[in-house]
Amino acid sequence: MGESTSRRAPWTAMGTFAVVGAVTQLLWLTYAPVTSDSAARYHVSEGAIGWLANVFPLWYVLLALPTGLALDRWLRSTVLLGAVFAAAGALVRVASDDYFVALFGQTLVAIAQPLILTAITPMAARHLPAHDRPKGIALASASTFAGMIVAFLLSTTVPLGRVLVIDAVVAVLAAGALAVALRTPPPYAPEAPAGGRADFVRAWRNPVVRRMCLLVPIPFGAFTALTTWAQPLLKPAGVTQDDAGILLLVNVAAGVIGCAVLPVWAASRGRQRLMMLAGILVAASCCAVLALAPSMGVGLVCFVAVGALLLPALPIVLELSEAAAGSAAGAAAGLVWCAGQLGALVVTGLAGAFLHQPTAAFLLLAVITLVAIPALPRGTRPAAAIG
């Protein structure tokens with residue numbers, strides 16, 4: 001019994017952590033699907049409501065690198081701090097109908113997000129054996145996208161005031177469960193203490209980590225741009241706001257399935273490069289098709305394909321970075337996530353400059369996506385051979 005419990009404990013910790021990751025996405029997107037209703041509730045413009053989500057990438061860029069270093073030295077404390085910040089932000093949002101109170105709550109959650117998401121690879125590295133780490137990273141990555149789906153469904157079917165209460169209860173329970181799950185020290189903690197800035201330098205000097213930092217901004221940015229501008233770019237083709245919501249839901253749902261299955265399959269066979277190449281080529285092709293023949297039907301096919309094949313690139317990048325960085329996994333994750341968020345800001349901004357020229361915007365995204373091909377890793381090997 002004791003041995004069985006000992007074997008389950010790492011996966012319990014990883015699973016509970018994945019739930020907290022989903023909660024950060026749930027809180028992030030609370031207002032996005034119901035911008036007009038949120039604006040009416042807080043008596044502000046829809047642009048002001050946009051900042052309730054826009055604060056997240058800004059804080060992520062600021063905190064990704066120091067968070068990576070903190071995770072290498074104080075993994076449990078940093079992750080629990082993130083869970084507490086998320087729960088506190090959710091509770092603050094319930095406290096008042098004032099817009100600035102909501103913005104403060106979202107800011108607390110925005111600070112929590114990098115503390116949690118950047119920890120995906122260090123958590124897998126500390127809690128799971130090498131051959132199970134791709135599974136753990138895939139689980140945690142898929143859970144973040146699952147949190148997005150729950151946010152869309154909850155916000156569009158339940159009154160906003162009740163959603164805020166549900167979010168707060170879920171966030172507090174998830175934080176408490178994580179605190180219990182992390183009471184047991186991780187079985188694969190590094191023998192030597194983390195080296196702070198030395199970890200950052202070691203991670204950056206690693207050629208695999210540098211290559212991942214060059215690679216991840218492009219697919220991450222293209223995906224963010226597609227999901228951000230789907231409705232305005234497809235509006236001339238007759239795609240309504242409700243239609244765009246369906247496209248985003250099927251896109252993320254396909255991404256959850258893809259992230260849960262494809263990275264594990266690729267890691268077990270050393271096919272990570274092939275998997276990422278397929279995702280890039282499919283995404284670029286879909287953008288080109290949307291440029292030439294935009295419609296709701298074409299959009300459904302393309303958004304499902306992009307979600308299923310491009311989103312799994314993220315857990316694959318995280319898995320390769322973790323395997324290469326070793327004890328500096330947190331610093332490497334910070335670098336990769338920072339690069340991804342910067343890519344999202346830049347590519348989304350570039351595509352946004354062509355909102356009134358949808359054909360040009362989609363073709364630009366197709367070309368940008370193809371630029372990622374030279375950054376793909378030259379060779380990979382099965383996860384069982386790592387370590």
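A compact table of results
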item	result
The chain: calculated mean residue ellipticity at 222 nm from DSSP helix runs of at least 4, using -39500 (n - 2.57)	-27000 deg cm²/dmol
Sulfur and carbon atoms: percent of accessible area, the chain [1.4 Å]	68
Using a Förster distance of 30 Å, the FRET efficiency for residue 237-residue 373 (Cβ separation, nearest 0.05)	0.55
Within a Gaussian network of the chain (alpha carbon springs, distance under 10 Å), most fluctuating of 323, 48, 140	48
Accessible surface ranking that places the most exposed of 152, 303 first, with a 1.4 angstrom probe	152, 303
Heavy-atom surface of region 268-387, accessible at 1.4 Å and reported per residue (Å²)	38
For region 115-258: rounded, prolate or oblate by the Cα gyration tensor [a/c cutoff 1.5]	oblate
Cα shape, the chain, gyration tensor, a/c 1.5 rule	oblate
For the chain, built as a Gaussian network whose Cα springs stay under 10 Å, the top-fluctuating residue of 258, 147, 47	47
Rounded Å value of the spacing that divides the Cα centres of region 19-75 and region 243-258	20
Choice from 186, 374, 312 with maximal GNM fluctuation in the chain (Cα, 10 Å cutoff)	374
Nearest-0.05 FRET efficiency for residue 281 and residue 360, computed from C-beta distance (R0 25 Å)	0.75
Span from the region 98-134 Cα centroid across to the region 280-312 one, whole angstrom	29
Heavy atoms of residue 150: accessible area, 1.4 Å probe, square angstrom to 10	70
Span-like helix ranges in the chain, DSSP H, alpha carbon extent 24 angstrom or more, Kyte mean at least 1.0	75-95, 99-117, 133-157, 160-181, 241-269, 272-292, 329-352
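The values are calculated or read from the model by the stated rules, or taken from the named source; none is laboratory data. Nothing here was measured: the structure is a model prediction, and the numbers come from that model. When we count neighbours, we look across all protein chains shown, and the Cβ atoms used for this are built from the backbone with ideal geometry, even at glycine. These accessible areas exclude ligands, DNA and RNA; they are computed on the full protein's heavy atoms, side chains included. Shrake-Rupley method; radii C 1.70, N 1.55, O 1.52, S 1.80 Å.
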